[in-house]
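Report on one structure; see the data block that follows.
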Amino acid sequence: METIQYNLPQTRIPQAWYNIAADLPKPMAPPLHPGTLQPIGPDDLAPLFPMALILQEISQEREIEIPGPVRQVYAQWRPAPLFRARRLEQALDTPARIYYKYEGVSPAGSHKPNTAVPQAYYNKMAGTKRLSTETGAGQWGSSLAMACAFFGLECKVFMVRVSYDQKPYRRAMMETFGASVTASPSIETESGRAILSQHPDSNGSLGIAISEAVEVAAKDPDTKYALGSVLNHVLLHQTVIGLETIEQMALADDEPDVILGCTGGGSNFAGLVMPYLGRNLKGLSHARVIAVEPSACPSLTKGRFTYDFGDTGHLTPLVKMHTLGSTFMPPGIHAGGLRYHGMAPLVSHVMDLGLIEATSVQQLDAFAAGIQFARAEGIIPAPESNHAIAGAIREALVAKQEGKQKTILFGLSGHGHFDMQSYIAYQAGQLENYDYPEEEVAMALAGLPSLG
Ligand SMILES: *Cc1c(COP(=O)(O)O)cnc(C)c1O
């Protein structure tokens with residue numbers, strides 16, 4: 001069977017990112033200062049981010065031009081391929097047509113360089129010398145390290161201790177790109193030392209690593225902070241995914257009836273679906289849009305839509321989002337990029353408006369889907385991406401049951417070449433499902449900040 005890839009010439013990389021804020025029927029709730037509970041202004045964020053990114057964070061412009069030097073870097077792997085999953089369709093014996101947009105072709109292996117590159121670029125333009133950030137499994141850290149190398153910035157990465165010890169290859173990748181990688185908690189920051197004095201053997205967490213990275217940026221005027229998901233400007237940069245896909249689906253002479261993506265902080269999902277939601281809002285399309293999250297960390301399907309902190313250490317502004325509580329420690333599923341207590345405020349907002357749906361998938365079902373996909377399509381997906389695949393397969397099997405044609409599109413956010421340990425564990429029968437941790441979530445939600 002012939003492989004079908006819908007190719008666009010490189011000149012068709014979008015000229016501008018798409019900002020759905022311009023088309024929303026109702027504006028988003030503003031972020032609040034945790035002390036005054038008043039909406040924060042651009043100046044409150046200035047110690048952490050360059051003004052160009054802060055202005056994108058609050059922009060109402062529909063189109064924001066992609067700078068030439070950023071498009072030049074994008075051109076190394078963009079437009080990313082859109083494939084028709086013909087062999088997967090055959091394996092499922094479904095009448096549905098299945099397409100996937102593959103972001104694993106970037107040098108770092110995921111969608112994350114789509115925002116790492118412009119973040120490094122705008123910082124360089126603003127005179128920043130160094131970027132600090134956190135990373136869990138290392139996907140974000142390696143993307144930012146690469147982007148910093150391209151634009152001549154230093155890069156400081158706080159890597160969650162347990163990953164630092166267990167995932168040496170991602171660390172080696174960051175160091176190869178010239179980044180300096182520190183296991184978190186570390187003795188280099190007050191927040192790190194505070195944790196270590198209490199728990200000298202701490203495994204670390206994303207929440208602690210964020211506190212360390214933010215502290216370093218707040219204390220040094222030459223250092224800014226970079227985040228790999230959740231924020232509006234990050235989701236904006238990712239819209240190159242959906243903008244390209246709309247053109248590629250036109251080349252395929254097809255139109256998706258249902259669009260799916262996995263959601264951790266929400267950035268790859270938003271990147272694919274926001275341009276489609278914009279078309280839905282204008283009545284140009286009617287696609288159902290579905291976020292797929294892990295059952296063990298189900299912020300959209302089980303969380304509360306309310307103001308909460310973005311980090312465990314409570315250094316960030318309060319944002320309105322679907323949250324399981326900022327002190328919630330998600331179970332140790334292997335999709336590290338989906339272990340976040342909250343959701344991007346923009347994704348939460350379109351969920352609240354009823355523009356998208358959400359569903360959840362258990363860890364073992366996600367891996368089973370990923371392996372079925374790998375055997376059919378030859379790409380070994382990241383454990384995070386397996387959730388989107390499981391959601392797409394579910395839809396394809398419903399189409400089969402109903403005997404109905406349906407066009408399914410999903411985002412394949414990255415490859416799993418650095419995650420083979422999790423596939424080894426799955427094949428050895430060592431992975432387990434986690435029930436929704438109801439009591440821990442209830443406890444974490446009891447600690448929500450009071451706005452009264
Ligand atoms: C980081 C990551 C995710 C989760 O982050 P989002 O912001 O929700 O996209 C998903 N897939 C891959 C491959 C990742 O690296």
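The values are calculated or read from the model by the stated rules, or taken from the named source; none is laboratory data. These numbers were taken from a predicted model, which means no experiment stands behind them. Positions of Cβ are backbone-derived with ideal geometry, glycine not excepted, and every protein chain shown enters the neighbour counts. Heavy atoms of the whole protein, side chains included, go into the accessibility calculation; ligands, DNA and RNA do not. Shrake-Rupley method; radii C 1.70, N 1.55, O 1.52, S 1.80 Å.
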Given a 1.4 Å probe and heavy atoms of the protein chains only, how would you sort 98, 379, largest accessible area at the top? 379, 98
First compute the accessible area of the chain with a 1.4 Å probe, then give the percent of it belonging to carbon and sulfur atoms. 51 percent
Return the whole-Å distance between the Cα centroid of segment 270-294 and the Cα centroid of segment 105-180. 29 Å
Leaving out ligands and nucleic acids, and using a 1.4 Å probe, what accessible area per residue does the chain come to in Å²? 39 Å²
Calculate how many DSSP beta bridges within the chain are antiparallel, expressed in % of all such bridges and rounded to the nearest 5. 35 percent
Could you name the aspartates and glutamates whose alpha carbon sits less than 13 Å from that of residue 282, not counting residues in the same chain fewer than 8 places away? 23
Charge tally in the Cβ shell below 13 Å around residue 111, where Lys, Arg are +1 and Asp, Glu are -1, residue 111 excluded: 0
Segment 250-360 - share of DSSP beta bridges that are antiparallel (%, nearest 5): 40 percent
Free-by-geometry Cys in the chain, Cβ-Cβ under 4.7 Å as pairing rule, reported as 262, 297
Once you've got the Cα coordinates, tell me which of 112/320; 101/406; 167/224; 156/302; 112/406; 26/404 are over 28 Å apart. 156/302; 112/406; 26/404
